[in-house]
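K.L.:
Here's a structure for you.
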Amino acid sequence: GNSVTQMEGPVTLSEEAFLTINCTYTATGYPSLFWYVQYPGEGLQLLLKATKADDKGSNKGFEATYRKETTSFHLEKGSVQVSDSAVYFCALSLNTGNQFYFGTGTSLTVIP
Amino acid sequence: DVKVTQSSRYLVKRTGEKVFLECVQDMDHENMFWYRQDPGLGLRLIYFSYDVKMKEKGDIPEGYSVSREKKERFSLILESASTNQTSMYLCASRGTGATNEKLFFGSGTQLSVL
């Protein structure tokens, strides 16, 4: 089947610390991979995506590389800010069909 | 920018009531989705629709129904609300084709069933 597993939170970091949130997937076809972010009181919004193996998605200082050999799409940021405090969701979508498969979300709190 | 609007931000209902959650998108998207979000469980798909009057069950359709009479509007219906349907409900839409993979979400409706 298709599924996404991401590291459990919550994660608490000091400002300017390095962030990694792990995400691995299982897919029956060739998925596109996504990271969505949910700020407090809001819906989810796309942070970055990668559509094929070895692609790197990046946005707002965040990066993730599509690793087919390890079926992973880990999210990284070199220096987090207080404004990055949010819940982060890893997701996959297959080229066929309409469904997205989401991980359970990882809550990040950045303290000054 | 695409806008997905959910009619209520907070809703409080009583057990047994019929509840309507409304969602409207303004980008002529074919596909619309209803998810519920619960702590520790992430997002779970309830129903989705790929065209007017078309619907498909997601992972947890029990206790819910949907209506899509117009392309821009997708309604989630709780026929007889129960306390275990207390949750955050998120509507989303997307277009079709390789350039339309992105899901656009509404701000969510926090439903409490007492």
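K.L.:
Being free of Cβ contacts under 8 Å to residues at least 24 places away in the same chain and of a type in the set (Lys, Arg) is the filter here; which residues of segment B:33-65 pass it?
P.N.:
Scanning segment B:33-65 gives B:Arg44, B:Lys53, B:Lys55, B:Lys57.
K.L.:
Looking at (1) within 11 Å of chain A (Cβ to nearest Cβ); (2) without any contact (Cβ under 8 Å) to a residue 60 or more places away in the chain, find the lone condition where B:Arg68 falls short.
P.N.:
(1)
K.L.:
While we're here: Among B:Glu30, B:Glu17, B:Glu79, B:Glu22, which is within 14 Å of another protein chain (Cβ to nearest Cβ) and among the acidic types (Asp, Glu)?
P.N.:
Unique residue meeting the criteria: B:Glu30.
K.L.:
Given the conditions (1) within 14 Å of chain B (Cβ to nearest Cβ); (2) closer than 13 Å to A:Leu108 by Cβ; (3) exposed (fewer than 12 other Cβ atoms within 10 Å of the Cβ), which single one is not true for A:Tyr88?
P.N.:
Here A:Tyr88 meets the rest and fails (3).
K.L.:
State whether the residues of segment B:92-100 include one that is surrounded by 13 or more Cβ atoms within 10 Å (Cβ to Cβ), within 8 Å of chain A (Cβ to nearest Cβ), more than 21 Å from A:Leu48 (Cβ to Cβ) and not aromatic (Phe, Trp, Tyr).
P.N.:
The answer is no; no qualifying residue exists.
K.L.:
Okay, next question. Residue check: is A:Val37 more than 12 Å from chain B (Cβ to nearest Cβ), crowded, with 16+ Cβ neighbours inside 10 Å and not in a loop (DSSP other than H, G, I, E, B)?
P.N.:
no
K.L.:
Could you please find all residues in segment A:24-34 being away from chain B (no Cβ under 12 Å) and either in a strand (DSSP E or B) or buried (at least 17 other Cβ atoms within 10 Å of the Cβ) (or both)?
P.N.:
Scanning segment A:24-34 gives A:Thr24, A:Tyr25, A:Thr26, A:Ala27.
K.L.:
Here's another thing I want to ask about it. Tell me which of these B:Ser65 doesn't satisfy, since it passes every other one: (1) more than 18 Å from B:Val113 (Cα to Cα); (2) under 12 Å from the mean Cα position of the chain (by Cα); (3) surrounded by fewer than 15 Cβ atoms within 10 Å (Cβ to Cβ).
P.N.:
All conditions pass for B:Ser65, except number (1).
K.L.:
Can you tell me which condition B:Glu69 does not meet? The list is (1) outside any strand (DSSP E or B); (2) farther than 30 Å from A:Thr5 by Cα, and all the others hold.
P.N.:
(1)
K.L.:
Could I ask something else about it? Counting just the residues of segment B:17-38 that are of a type in the set (Asp, Glu) and assigned to a loop (DSSP other than H, G, I, E, B), which one comes out surrounded by the fewest Cβ atoms within 10 Å (Cβ to Cβ)?
P.N.:
Restricting to residues being of a type in the set (Asp, Glu) and assigned to a loop (DSSP other than H, G, I, E, B), the top hit is B:Asp28.
Here is a yes/no grid of residues against (1) part of a loop (DSSP other than H, G, I, E, B); (2) modelled with pLDDT under 95; (3) under 14 Å from the mean Cα position of the chain (by Cα):
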{"site": "B:Ser8", "(1), (2), (3)": "yes, yes, yes"}
{"site": "B:Thr15", "(1), (2), (3)": "yes, no, no"}
{"site": "B:Gly40", "(1), (2), (3)": "yes, yes, no"}
{"site": "B:Leu43", "(1), (2), (3)": "no, yes, yes"}
{"site": "B:Lys55", "(1), (2), (3)": "no, yes, yes"}
{"site": "B:Pro61", "(1), (2), (3)": "yes, no, yes"}
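The values are calculated or read from the model by the stated rules, or taken from the named source; none is laboratory data. Keep in mind that this is a model prediction, so the values were computed, not measured. Note that each Cβ is placed from the backbone with ideal geometry, even for glycine, and that neighbours are counted across all protein chains shown.
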